[in-house]
Amino acid sequence: MDFTPDVARRWDWLPSAAEELESYLHRLMADQPIHAHLVRARCKSISSFLAKCEAKEYNDPVREVTDQIAARIIVYTHEDRERACAAIRDRFRISEDRNPGDERPHAKKGYDCQHFIVR
């Protein structure tokens, strides 16, 4: 995929969408209340998007690149993690919900996390 005016136009709205998502997630955590250490959202850069498209050879990159906007919520306790996950499951259409650590041997699990792909 090449950098085209259509790709550029697509990215015009992503930074503000990431800001809006971050603001929403802050409100969602506060409403529960969930004590989050960090709530951040960011959009993928155009160069990163194009590099990923080239590396993965997607047929429909706009649909297949699922991290055009990404968010991270870091909490202190397992209870807050479970409540944050429940709030996300309740508020978003989820197409993927998994803990990547569950896919690794226990000794290589790393930190506990939940990975969502939402639309």
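The values are calculated or read from the model by the stated rules, or taken from the named source; none is laboratory data. This one's a predicted model, so the numbers in the text were calculated from it and none came from an experiment. For neighbour counting, all protein chains shown are included, and Cβ atoms are generated from backbone atoms with ideal geometry for every residue, glycine included. These area figures cover heavy atoms from the full protein model, side chains too; ligands, DNA and RNA do not enter into them. Shrake-Rupley method; radii C 1.70, N 1.55, O 1.52, S 1.80 Å.
Can you tell me which residue within region 11-41, out of those that are touching a strand residue (DSSP E or B) at 6+ places or on another chain (Cβ under 8 Å), modelled with pLDDT of 95 or more and open to solvent by 100 Å² or more (accessible area, probe 1.4 Å), is farthest from Val118 (Cα to Cα)?
It comes out as His37.
Just give me the residues in region 95-116 being touching a strand residue (DSSP E or B) at 6+ places or on another chain (Cβ under 6 Å), under 19 Å from Met29 (Cα atoms) and open to solvent by 60 Å² or more (accessible area, probe 1.4 Å), in sequence order.
Asp97, His115
Could you check region 22-49 and list, in sequence order, the residues that are touching a Lys or Arg at 6+ places or on another chain (Cβ under 7 Å) and part of a helix (DSSP H, G or I)?
Passing the criteria: Glu22, Leu28.
Based on what the data block shows, is Ala70 more than 20 Å from Asp6 (Cα to Cα), small (Gly, Ala, Ser), surrounded by 17 or more Cβ atoms within 10 Å (Cβ to Cβ) and at pLDDT 85 or above?
no
Would you please list the contacts, defined by Cβ atoms under 8 Å and residues six or more apart or on different chains, that run from a residue in region 81-105 that is within 10 Å of Val118 (Cα to Cα) to a residue that is of a type in the set (D, E, K, R) and in a strand (DSSP E or B)?
Pairs that qualify, where the first residue is within 10 Å of Val118 (Cα to Cα) and the partner is of a type in the set (D, E, K, R) and in a strand (DSSP E or B), are Arg89/Asp97.
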